[in-house]
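Everything on this sheet refers to the single structure shown next.
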Amino acid sequence: MAPTSNTSTPRLGKALKRAFFARSVREVAPDLIGATMLVNGIGGIIVEVEAYHHTEPAAHSYNGPTPRNQIMFGRPGYVYVYRSYGIHWCINFVCEEEGSAAAVLIRALEPTHGLAAMRRRRHAVDVHALCSGPGKLTEALGITIAHNTLPLDRPPIALHARTADVEVATGIRIGITKAVELPWRYGVKGSKFLSKPFPK
């Protein structure tokens, strides 16, 4: 695994292009673990994600397109941002072919770039608390509805492939009441930056 946030900034892997997301959401989601996500140069290593697909009722796209989720039905490699519980923003990466309406929710990062800016935005000092949840990481990275529909391979967003092997843990998704049995949550096993530990 790449160095933690308490050491020097880890090197970045190759840039991920939109074609990376033109695959099954259940293939993309674990492949994102260990990748680096930056927004205007601020961000870190993706340590936790969840996959969603229109065929299961926990997905926003389950009941068809709406003004809010329309981007999910478009081409892969774009951003879907929505407001959760009317409180915080969540960022998702659209996957699969156009019309499939699948996306990966980014749940947690290990901060590596721009920690000072993240602490200022989050009013937090503990590095483990900066991005340990979908609402926390969007606040730390300055993500808002203005980022909705943006491409994932152009500024202000940059994604870089992981540079080392990671042990990926899997489990059921968090904070949902439908399709709760699906093991579509993925994360770095043993990471201290998760929103919630995986069962042992």
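Of note:
- Single match in Ala124, Ala102, Ala140 (criterion: farther than 27 Å from Arg11 by Cβ and touching a helix residue (DSSP H, G or I) at 6+ places or on another chain (Cβ under 7 Å)): Ala102
- Lys192 vs. criteria assigned to a loop (DSSP other than H, G, I, E, B), in contact (Cβ under 8 Å) with a residue 24 or more places away in the chain and among the basic types (Lys, Arg): yes
- Screening the range 70-153 for strands (runs of 3 or more DSSP E) wholly inside it with 2 or more residues that are without any contact (Cβ under 8 Å) to a residue 60 or more places away in the chain and of a type outside the set (Ser, Thr, Tyr) returns the ranges 88-95.
- Being outside any strand (DSSP E or B), in contact (Cβ under 8 Å) with a residue 12 or more places away in the chain and not basic (Lys, Arg) is a description that does not apply to Gly64.
- Within the range 167-200, the set of residues being within 13 Å of Val49 (Cα to Cα) and among the aliphatic types (A, V, I, L, M) comprises Val168, Ala169, Ile172, Ile174, Val188, Leu194.
- Filtered residue count, the range 159-186, keeping only those that are in contact with a helix residue (DSSP H, G or I) (Cβ under 6 Å, 6 or more places away or on another chain) and either in a loop (DSSP other than H, G, I, E, B) or surrounded by fewer than 19 Cβ atoms within 10 Å (Cβ to Cβ) (or both): 1
- Exactly one residue out of Ala29, Ala51 is buried (at least 22 other Cβ atoms within 10 Å of the Cβ) and assigned to a strand (DSSP E or B): that is Ala51.
- Leu130 being buried (at least 19 other Cβ atoms within 10 Å of the Cβ), closer than 16 Å to Met37 by Cα and in contact with a helix residue (DSSP H, G or I) (Cβ under 9 Å, 6 or more places away or on another chain): yes
- If you go through the range 108-131 and keep only what is in contact with a Leu (Cβ under 8 Å, 6 or more places away or on another chain) and closer than 30 Å to Arg23 by Cα, you end up with Ala108, Leu109, Pro111, His113, Cys131.
- Ala101 vs. criteria crowded, with 24+ Cβ neighbours inside 10 Å and on the phi > 0 side of the Ramachandran plot: yes
- Scanning the range 172-188 for residues that are touching a strand residue (DSSP E or B) at 6+ places or on another chain (Cβ under 8 Å) and in contact (Cβ under 8 Å) with a residue 60 or more places away in the chain turns up Arg173, Ile174, Trp184, Arg185, Tyr186, Gly187, Val188.
All of the numbers you see were taken from the coordinates with simple rules; none came from a lab. All of these numbers come straight from a predicted model, not from anything done at the bench. Neighbour counts are summed over all protein chains in view; Cβ atoms, including those assigned to glycine, are modelled from backbone coordinates with ideal geometry.
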